[in-house]
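The values are calculated or read from the model by the stated rules, or taken from the named source; none is laboratory data. No experiment lies behind these values; they were computed from the predicted model shown. For neighbour counting, all protein chains shown are included, and Cβ atoms are generated from backbone atoms with ideal geometry for every residue, glycine included. Note: accessible area is taken over every heavy atom of the protein model, side chains too, but ligands, DNA and RNA are not part of it. Shrake-Rupley method; radii C 1.70, N 1.55, O 1.52, S 1.80 Å.
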Amino acid sequence: MHALVPTSAMLVVGYTLVARIFGPWRREGWLAPQKDGCALECTPAASVLHKRIVDAENSLFKDAVGIVASALRLYGPNAVMASFNGGKDATVVLHVFRAALYEFKKNGGKEGVLQAVYFHNQEKAIPGTMEFVKKTCDSFGVQLTIFECGYKAGIQQLVEEKGVRAFVIGTRSSDPNGKKSEVFEPSSLGWPPFMRINPIIHWDYGSIWSFLRGLKIPYFHLYDEGYTSMGYKHNSFPNPLLRKGDGTYHPAYLLSNWANERAERERLDSKASSENSKVTAALLLIGEEFSKGRAPVEYASRCMGKFFESGLVVEEVVLSGASKKQVSKHIHRLARSFDIVIVSGSRGIIYGDTTMVGIAETFRCGTRKERIIGTSDSKTGKVALVPSPAERISINGSPYPLFRCNNVYVFSTELEPHFQTVMNKLKN
């Protein structure tokens, strides 16, 4: 990258490329800058959208609809869900899904509604994202599910409780995680069983904007302010290649070199990775003695000292009573504020039902019964409820396991002699 400010020649090339991309739609004035890409009321109905996609010059549009329609035939509309976070790729996928559901029903498929899931992070989300996601889904009759837990925990709940078998995702081959992805891709080892459907895996940046602008699809307003790739607040800014002389920015669809779509975001991610290598942690100590004012200072001090020696700085220690409500309240705040939350007790085993159920309620997931001392298939030892998506991590030399649910780790004081092993597990 040599220059950050586009030259006049570059912008002419950009306009030329846009004109070629949009073809016959350009005459209808659809290239004019529009808030949110286009007012929701001007977005075509599913039947009209389907016809325009089928008639479009870009065959990738029709192929994408066919891929999602195939998923609907395989799994049924009630078992297929779109992943929708408000980004441009996810927006394309949502409307491809609309057209595919119309095609599926037209060809005799059973009735069903379009379902979507959004994983929201209040601390990191770009302002306005939640509102755009909700407004879009409300406008098109999309049944939206919102999670504030980790992806794995939320997907586990959808698979187990709602019978979802496939997720339609806006991954493209140019994405960091999309280089080896296929159109139909089974979930990874260790995740709940489901199929990833990637209908736009072979699309490039130009195809995305051809679809959105050409078909009058409403998109998030920041793309008209120079944002070409959006993730979270910390790594999403206008693309410097679109900067004008007056300090404002050209819209995202005028980026002439599509390879620079993620340039600013990748630079910021790389910088953040090198500058923020420190992992933040909180320690939650649970026990009825805390609510009675008998705090085990010695145990907390030992834990913090050993964490520090291992390179993990505990920035907050919270003492809590053992009720489910108290546990859930503290976990809800700490899990969103720190990279790692370590849950333990002042003495004895901490794998009590109130602790585990409190964690499950925090992440809005179900529970399962598990023998928590010895191996999971042991004939002896206490049986307790643990969060359904919780991962059981065995510690060599100890019958007491470590349990992980999202970024929350639960372990007993009996693991203290194996502290270094526990720390190695946390770091990994």
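Listing for the model above:
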read-out	value
Sequence of Glu182, Glu148 when ordered by accessible area, the most exposed leading, probe 1.4 angstrom	Glu182, Glu148
Viscosity 1.002 mPa s, 20 °C: Kirkwood-radius Stokes-Einstein D of the stretch 111-250 over Cα pairs, µm²/s	125
Over 20 Å (Cα to Cα) - which of Lys62/Lys135; Lys51/Lys105; Lys134/Lys325 fall in this group	Lys62/Lys135; Lys134/Lys325
Relative contact order %, the stretch 58-197, counting alpha carbon pairs below 8 Å whose residues are six or more apart	27
Greater than 24 Å apart at Cα, pairs in Lys124/Lys329; Lys233/Lys306; Lys88/Lys180	Lys233/Lys306
Ser187-Asp204 pseudo-label distance in nm [points 7 Å out on the Cα-to-Cβ vector]	3.5
Alpha carbon centroid spacing (whole Å) that separates the stretch 96-136 from the stretch 219-255	24
